[in-house]
Structure formats: C-alpha cells, structure tokens
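Colleague: Dropping the structure in here first, questions after.
The values are calculated or read from the model by the stated rules, or taken from the named source; none is laboratory data. What you are looking at is a predicted structure, and each value in this text was computed from that prediction instead of being measured. Cβ placement follows ideal geometry from the backbone for every residue including glycine, while neighbour counts extend to all protein chains displayed. The accessibility values were calculated without ligands, DNA or RNA, using every heavy atom of the protein model including side chains. Shrake-Rupley method; radii C 1.70, N 1.55, O 1.52, S 1.80 Å.
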Amino acid sequence: MALKVLVGCKRVIDYAVKIRIKPDKLGVVTEGVKHSMNPFDEIAVEEAMRMKEAKLVNEIIVVSCGPAQAMETIRTALAMGADRGIHVEIPLDQMDTFQPLHVSKVLAKLAEKEKVDIVMLGKLAIDDDSNQTAQMTASLLDWPQGVFASKIDKTDAGLEIIREVDGGLETIRTTLPAVLSADLRLNEPRYATLPNIMKAKKKKVVKMTPADLGVDMAPRIQIVSVEDPPVREAGQTVADVDDLVAKL
C-alpha cells in the first residue's frame with residue numbers, strides 16, 4: 001500500500017547569516033535578512049522523495065507556517081519534487097510568539113484532515129533549536145515516533161528506524177501511522193533543477209490560518225531576554241608543564 005506523507009518545512013534565517021539581537025533583546029533581527037528552508041527539513045523532504053521514488057509513497061504534501069514569504073519555502077520543496085503545499089499564514093508580527101506547541105497542533109490537525117500515514121520533520125530548526133515539534137506532534141496524535149532518524153526502512157508491519165543516540169545507534173520498529181524526524185546523516189538533499197523550479201510554480205498550494213484548524217494561538221512561553229553568547233577570552237601561551245599547572 002502506497003503511503004501519504006506530510007512534511008513540515010520551516011523558513012529560517014540562512015545558516016550563513018550572522019545573527020543580530022534586537023535592541024529590545026526579545027528576539028533576533030529578521031528584516032532584510034536572507035532566509036532559506038531549515039536544513040533538517042530539506043533532509044526530511046529528500047527522504048520523502050526517496051520513499052516516493054521507491055514506490056513506497058504516492059503523495060507528498062509540504063506545509064509551512066509563517067508570513068507570506070513562507071511561500072518561497074513551500075515552492076522550494078515543491079521544486080524538489082513534493083506534490084502540493086499548504087501555507088498556514090501567520091502574520092509577521094505574531095511570529096515571535098508562534099511556538100513549537102502551536103506548530104505541533106497545526107501539524108496534528110492537518111495530519112488528521114489529510115489522513116496521512118507519516119508526518120516527517122527535521123529534528124530541529126536551526127533558528128530556535130527547540131527540538132520539540134516532532135515529539136509533541138506524536139503525543140497530540142497518539143502515534144509512535146522515530147526521532148533523530150539516520151536510516152528509515154519500510155517493513156511489512158510498519159517502519160524500521162535507526163536513530164542516533166548518545167551511546168551510538170538504536171534500532172526501533174514502529175507501526176503506521178507515525179511521526180519521524182530527520183537527523184543530519186539520513187541523506188544528502190538534492191538540488192532543485194530549473195525545469196522542476198518552473199513546474200513548482202504551477203503546483204497547488206492551499207492557504208489557511210490556525211483559526212481555520214481550530215488552533216489556539218495564545219503563547220505558552222514568555223521570552224524574557226535574548227543575549228549574545230559571552231565573548232571568548234584570549235588564550236595564553238605557557239613555557240612548560242610546570243607553568244601550565246601553576247596557572248591552573
């Protein structure tokens with residue numbers, strides 16, 4: 001039986017951009033800054049594509065929550081080969097209070113609405129490093145989860161997942177439907193070709209809001225302060241081991 005996959009794609013500040021703290025210290029500057037798809041979400045899209053090429057999946061739906069510019073992220077995923085997109089519109093002035101729990105509720109509602117078999121996400125977003133969305137989505141849906149996946153195989157009973165843990169690699173088996181999150185070594189994402197970029201412009205993208213899905217947008221976490229990391233002190237040169245021990 002071919003599966004249907006929902007892939008979450010977050011628009012984040014590009015990994016090569018130097019982050020600047022806002023004057024009020026309640027967030028980072030996003031205006032006039034280059035954005036791109038979260039790298040771990042690119043890996044999730046690529047894995048869904050490989051499953052489709054192996055004829056395990058018949059439809060890939062990508063979803064992004066964010067302002068109008070999030071449409072660019074969706075189009076990138078569509079150019080990689082996804083079939084259609086969903087844009088959950090969040091006004092720019094509400095993005096600072098749009099938290100992982102809200103995303104998880106949106107994904108859970110969409111998973112139920114679309115009757116998907118797999119929700120595939122990156123293990124974390126490089127902007128907030130929360131690493132919460134996949135786990136909370138699985139909890140809200142009451143589905144099994146395979147997070148930090150570095151290898152995914154389809155079995156007769158469901159999925160076999162090799163995941164990275166502190167002590168090495170762990171192999172787990174889950175039934176379907178399930179929630180997965182992609183680790184860095186799962187695959188290397190493909191580049192979108194120009195013909196596929198052109199085709200992506202014609203693919204269907206549905207727009208909706210959290211209210212359309214019945215998701216409460218009230219923030220659960222208050223950001224008290226965002227700070228730059230402390231400046232690293234300069235190192236010192238010592239003449240020998242005795243000098244080193246003395247300084248320690």
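Colleague: Who wins for biggest fluctuation among ILE74, ILE221, ILE118 in a Gaussian network model of the chain, springs between alpha carbons below 10 Å?
Modeller: Highest fluctuation of the listed residues: ILE221.
Colleague: Cα-based Rg of segment 142-182 per 2.2 N^0.38 Å, rounded to two decimals?
Modeller: Compared with the compact-globule rule of thumb, segment 142-182 sits at 1.07.
Colleague: Keeping all protein chains in the complex and leaving out DNA, RNA and ligands, what accessible area do you get for MET120 with a 1.4 Å probe, in Å² to the nearest 10?
Modeller: 0 Å²
Colleague: Using the charge dipole of segment 118-248 (Lys, Arg: +1 at Cβ; Asp, Glu: -1 at Cβ; taken about the Cα centre), state which of VAL224, VAL165, LEU186 has its Cα farthest towards the positive end.
Modeller: The one lying farthest along the dipole's positive direction is LEU186.
Colleague: Let me ask another. Please give the per residue volume of the convex hull enclosing the alpha carbon atoms of segment 84-133, rounded to a whole number of Å³. Could the numbers behind the result be given before it?
Modeller: Working: hull volume 5.0 nm³, N = 50.
Looking at segment 84-133, the number lands at 100 Å³ per residue.
Colleague: While we're on this one: Only Lys, Arg, Asp and Glu count, each charged at its Cβ (+1, +1, -1, -1), so figure out the dipole size of segment 192-246 about its Cα centre, rounded to 20 debye.
Modeller: Value, rounded to 20: 1340 debye.
Colleague: Taking segment 33-173 on its own, what percent of its Cα-Cα pair distances exceed 20 Å?
Modeller: Value for segment 33-173: 48 percent of Cα pairs lie more than 20 Å apart.
Colleague: Here is a follow-up. Under a 5 Å amide H to amide H cut-off, with H placed in plane at 1.01 Å, what residues pair with LEU180 once short-range neighbours are removed?
Modeller: Amide H neighbours of LEU180, under 5 Å, 5+ apart: VAL119, MET120, LEU121, GLY146.
Colleague: Another question, then. Looking at the chain as a GNM with Cα springs under 10 Å, which of GLN222, GLN132, GLN94 has the largest mean-square fluctuation?
Modeller: Looking only at GLN222, GLN132, GLN94, the biggest GNM fluctuation is shown by GLN222.
Colleague: Accessible area per residue for segment 28-140 in Å², computed with a 1.4 Å probe and the full protein assembly in place, what is it?
Modeller: Using a 1.4 Å probe on heavy atoms only, each residue of segment 28-140 averages 39 Å².
Colleague: Measure nothing fancy, just the Cα-based angle from helix 100-114's long axis to the longest principal axis of the chain, in degrees from 0 to 90, nearest 10.
Modeller: 20 degrees
Colleague: Between THR155 and MET95, what length in nm is gained on full extension when 0.36 nm per residue of separation is reduced by their alpha carbon distance?
Modeller: The span from THR155 to MET95 would gain 17.7 nm if fully extended.
Colleague: Can you give the longest stretch of the chain with no exposed loop site, where a site means GluC sites (Glu not before Pro) in a DSSP loop (not H, G, I, E or B) with at most 14 other C-beta atoms within 10 Å?
Modeller: Longest site-free region, per DSSP loop and neighbour criteria: 32-226.
Colleague: Separate question: Of LEU186, LEU176, LEU194, which is the most mobile in a GNM of the chain whose springs link Cα atoms less than 10 angstrom apart?
Modeller: Of LEU186, LEU176, LEU194, the most mobile in the Gaussian network model is LEU194.
Colleague: Only Cα pairs under 8 Å and at least 6 apart count here; give the relative contact order of the chain as a rounded whole percent. Working shown, then result.
Modeller: Working: 481 pairs, mean separation 59.4, N = 248.
Averaging sequence separation for qualifying contacts and normalising by length gives 24 percent for the chain.
Colleague: Taking the Cα atoms of the chain alone, what are Rg (to one decimal) and Dmax (as a whole number) in Å?
Modeller: For the chain, the Cα radius of gyration and maximum Cα-Cα distance read 20.4, 71 Å.
Colleague: Follow-up question, since we're still on this one. Considering only C-alpha atoms, what is the centroid distance from segment 76-111 to segment 184-230, in Å?
Modeller: 5 Å
Colleague: I would also like to ask the following. Along segment 158-169, what does the Karplus equation 6.51 cos²θ - 1.76 cosθ + 1.60 (θ = phi - 60°) give for ³J(HN,Hα), rounded to whole Hz, x for Gly and Pro?
Modeller: Taking θ as phi minus 60°, the curve returns x, 9, 10, 10, 9, 10, 8, 10, 4, x, x, 10 Hz for segment 158-169.
Colleague: Report, in debye and to the nearest 20, how large the dipole of segment 1-68 comes out about its Cα centre when Lys and Arg carry +1 and Asp and Glu carry -1 on their Cβ.
Modeller: Computed charge dipole of segment 1-68: roughly 200 debye.
Colleague: Which is the longest run of the chain containing none of the chymotrypsin sites (Phe, Trp or Tyr not before Pro) found in DSSP loop states (not H, G, I, E, B) with at most 13 other C-beta atoms within 10 Å? Present the calculation step by step, with values, prior to reporting the outcome.
Modeller: On the way: sites that count: TYR15, TYR191.
The longest such stretch corresponds to 16-190.
Colleague: Can you tally the net charge around MET49? Count Lys and Arg as +1, Asp and Glu as -1, for every other residue whose Cβ sits under 11 Å from the Cβ of MET49. Before the final figure, lay out the partial values.
Modeller: Working: positive: ARG50, LYS52, ARG190; negative: GLU42, GLU46, GLU47, GLU53, ASP83.
It works out to a net charge of -2.
Colleague: How much of the DSSP beta bridge set in the chain is antiparallel, as a percent to the nearest 5? Show your work: numbers first, answer last.
Modeller: Numbers: 16 of 43 bridges.
Expressed as a percentage, antiparallel bridges in the chain total about 35.
Colleague: Also, quick follow-up: Using the Cα centre as the reference, give the magnitude of the dipole from point charges on the C-beta atoms of the chain (Lys, Arg: +1; Asp, Glu: -1; all else neutral), rounded to the nearest 20 debye.
Modeller: So the magnitude is around 1300 debye.
Colleague: Ok, one more. What ³J(HN,Hα) values, in whole Hz, does the Karplus curve 6.51 cos²θ - 1.76 cosθ + 1.60 give for segment 141-150 when θ = phi - 60°, with x put for Gly and Pro?
Modeller: After applying 6.51 cos²θ - 1.76 cosθ + 1.60, I find 7, 6, 10, x, 10, x, 9, 6, 6, 10 Hz.
Colleague: Follow-up. I need the trypsin sites (Lys or Arg not before Pro) found in segment 1-106, filtered to DSSP loop residues with at most 14 other beta carbons within 10 Å of theirs.
Modeller: Here the trypsin sites (Lys or Arg not before Pro) that fit, given the DSSP loop and packing criteria, are LYS18, ARG20, LYS25, LYS34, LYS55.
Colleague: Given the options PRO195, LEU78, TYR15, identify the residue whose Cα lies farthest towards the positive end of the charge dipole of the chain (+1 on Cβ of Lys, Arg; -1 on Cβ of Asp, Glu).
Modeller: Going by the Cα projections, it comes out as PRO195.
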